[in-house]
Amino acid sequence: MSDTTSQRDDNGNGHLERSPAESLGSTLIGSDRFGEFDWTNPWPTYDRLRSESPIWENPDGLTILTRFDDCEAVLRDPRFSSSNDHADPPLILAPDDPRALMDGGAPPLLFLDPPDHTRLRKLVSKAFTPRSIERLRPRVQQLVDGILDQAADNGGLDVVADLGYELPVIVICELLGVPLADRPQFAGWSSDASRLLDDDLSPDTLNRGVIAAIHFAEYFGELFEARRRAPRDDLVSALLAVEEAGDRLGPDELRSIVVLLFIAGHETTMNLIGNGTYALLRNRDQLVRWRDDPTLDGPAVEELLRFEGPVHLTGRIPTADIDYNGHRFPRGKSVVTLVSAGNRDPARFEHAASLDVGRPDNHQLTFSQGIHYCLGAALARLEGQLAIGSLIRRFPNIELAEQPQYRDHFVLRGLQQLQVTV
């Protein structure tokens, strides 16, 4: 598969060639019956899929779910595993697959089942409780204000790079104990490593992802040694103390969980801030409504998570043959919950295709459900509320400076940049 970017004519119409994300979308659905897949606007395809085949088995044997209730039921059901160990046939890397370089490490928390998942999540969950995160509010607001001061001086900013990346990466660095001076090198590594969540990657993209993951492992290995010599009041030092106790956390597990916390701690929130701001700029009435009513900070971010969430899909594997709603999920055959489609299910949300920052009962699927509910949900909500809320109140005349393009990531949906004038 080519790793090229999408090419369009001068009016932004048509495709001269397909982007990797569009190719992945077409491959996932596996049929042109539901219309041409457009990564910039996948919703018409998802609406047809949900209407015509809401439990769709594609030609490769993947089952695709697009209704809210179906996605939620699978994500909550412990019989559906996150671990590839349950895949049938087993997922075995080819000898020349660059991901084989990472063999021997512990699987990320995302792909673990109990009891390992329960044990590891418990070690870090206290740092991410709503009460713990609320104590960060003054610091997060201070960081936002500093970024917006610079934007005022410059007359504009890239919401993705200057706010969406900088804010959460500083916060997660401070939580973990990562030196802030090192953060410029992380953006490329995070973007490349997060592509490993996608499937059917070009060799070049796959190599970059694996190399980025190795860079992260080496970086944090050096940081661990520094913190062993001189512990600090940070999460890495606390986890090292647990590792050294020897009964709850192994060295590979330590590296895996810290890398995941670091990448997830800013990559998805960056997309929330970028996607959310772009959605507001396209729905000016909702921007003004939120701007003029601070009590909407919570509901507005929840609606942005539903309407243009940073996580597009997540997968599960049945550990047994499971009968559900007239459909049998065979043991070991992958199920994809297309949470972005479920979040726009008109059977669950009135006027689901419309942005409503005051929407009541806005229970969305972006943070997943069940035991894998996003550990950093409270932090993402806080950062989204303060970043976007402060941006639109500080700059009531904010305008789009140029049309943005989407990154060629599929599992994580976000913009390459969002240039605005203030």
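The values are calculated or read from the model by the stated rules, or taken from the named source; none is laboratory data. Values in this document were obtained by computation on a predicted structure and should not be read as measured data. Heads up, the Cβs are rebuilt from the backbone with ideal geometry, glycines too, and the neighbour counts pull from every protein chain shown.
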Original post:
Of all residues in region 147-163, which are within 26 Å of VAL258 (Cα to Cα) and in contact (Cβ under 8 Å) with a residue 60 or more places away in the chain?
Top reply: VAL160, ALA161, LEU163
Original post:
Does region 345-356 contain at least one residue that is crowded, with 24+ Cβ neighbours inside 10 Å, modelled with pLDDT of 95 or more and not in a helix (DSSP H, G or I)?
Top reply: no
**OP:** Only residues that are within 23 Å of the chain's Cα centre (by Cα), at pLDDT 80 or above and more than 17 Å from VAL259 (Cβ to Cβ): list them for region 181-202, please.
**Re:** PRO184
Subject >> Count of region 318-333 residues which are in contact with a helix residue (DSSP H, G or I) (Cβ under 9 Å, 6 or more places away or on another chain), under 28 Å from THR268 (Cβ atoms) and surrounded by fewer than 21 Cβ atoms within 10 Å (Cβ to Cβ) >> reply: 1
**OP:** Kindly indicate whether VAL144 is of a type in the set (Val, Ile, Thr), more than 20 Å from the chain's Cα centre (by Cα) and closer than 24 Å to ILE392 by Cβ.
**Re:** yes
Original post:
Across region 46-81, which residue is nearest to ALA352 (Cα to Cα) among those that are acidic (Asp, Glu) and surrounded by 19 or more Cβ atoms within 10 Å (Cβ to Cβ)?
Top reply: ASP47
Original post:
Taking the stated definitions as given, is VAL160 closer than 20 Å to LEU382 by Cβ, touching a strand residue (DSSP E or B) at 6+ places or on another chain (Cβ under 6 Å) and assigned to a helix (DSSP H, G or I)?
Top reply: yes
**OP:** Report yes if VAL178 is part of a helix (DSSP H, G or I) and modelled with pLDDT of 80 or more, otherwise no.
**Re:** no
Original post:
Counting only residues that are among the small types (Gly, Ala, Ser) and part of a loop (DSSP other than H, G, I, E, B), which one in region 357-400 is surrounded by the most Cβ atoms within 10 Å (Cβ to Cβ)?
Top reply: GLY376
**OP:** Could you grab me the full set of residues in region 401-417 that are among the aromatic types (Phe, Trp, Tyr) and assigned to a loop (DSSP other than H, G, I, E, B)?
**Re:** PHE410
Subject >> For GLU218: the one exception among (1) within 13 Å of VAL259 (Cβ to Cβ); (2) in contact (Cβ under 8 Å) with a residue 12 or more places away in the chain >> reply: (2)
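May I ask you to say which residue of GLY370, GLY342, GLY384 is among the small types (Gly, Ala, Ser), modelled with pLDDT under 95 and closer than 29 Å to ALA193 by Cα?
Of the residues listed, the single one that is among the small types (Gly, Ala, Ser), modelled with pLDDT under 95 and closer than 29 Å to ALA193 by Cα is GLY370.
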Original post:
ARG282: surrounded by fewer than 19 Cβ atoms within 10 Å (Cβ to Cβ), at pLDDT 95 or above, under 26 Å from the mean Cα position of the chain (by Cα) and basic (Lys, Arg), yes or no?
Top reply: yes
Subject >> Residue selected from region 241-254 under the condition surrounded by fewer than 20 Cβ atoms within 10 Å (Cβ to Cβ) and assigned to a helix (DSSP H, G or I), by the criterion modelled with the lowest pLDDT >> reply: ALA245
**OP:** Would you tally the residues in region 32-84 being assigned to a helix (DSSP H, G or I) and in contact with a Phe, Trp or Tyr (Cβ under 6 Å, 6 or more places away or on another chain)?
**Re:** 4
**OP:** Within region 133-146, track down each residue that is in contact (Cβ under 8 Å) with a residue 12 or more places away in the chain, in a helix (DSSP H, G or I) and not β-branched (Val, Ile, Thr).
**Re:** GLU134, ARG137, ARG139, GLN141, LEU143, ASP145
Original post:
Is there a residue being under 14 Å from the mean Cα position of the chain (by Cα) and in contact (Cβ under 8 Å) with a residue 24 or more places away in the chain anywhere in region 384-404?
Top reply: yes
Original post:
Of everything in region 85-126 that's part of a loop (DSSP other than H, G, I, E, B) and among the hydrophobic types (A, V, I, L, M, F, W, C), which residue is modelled with the lowest pLDDT?
Top reply: LEU93
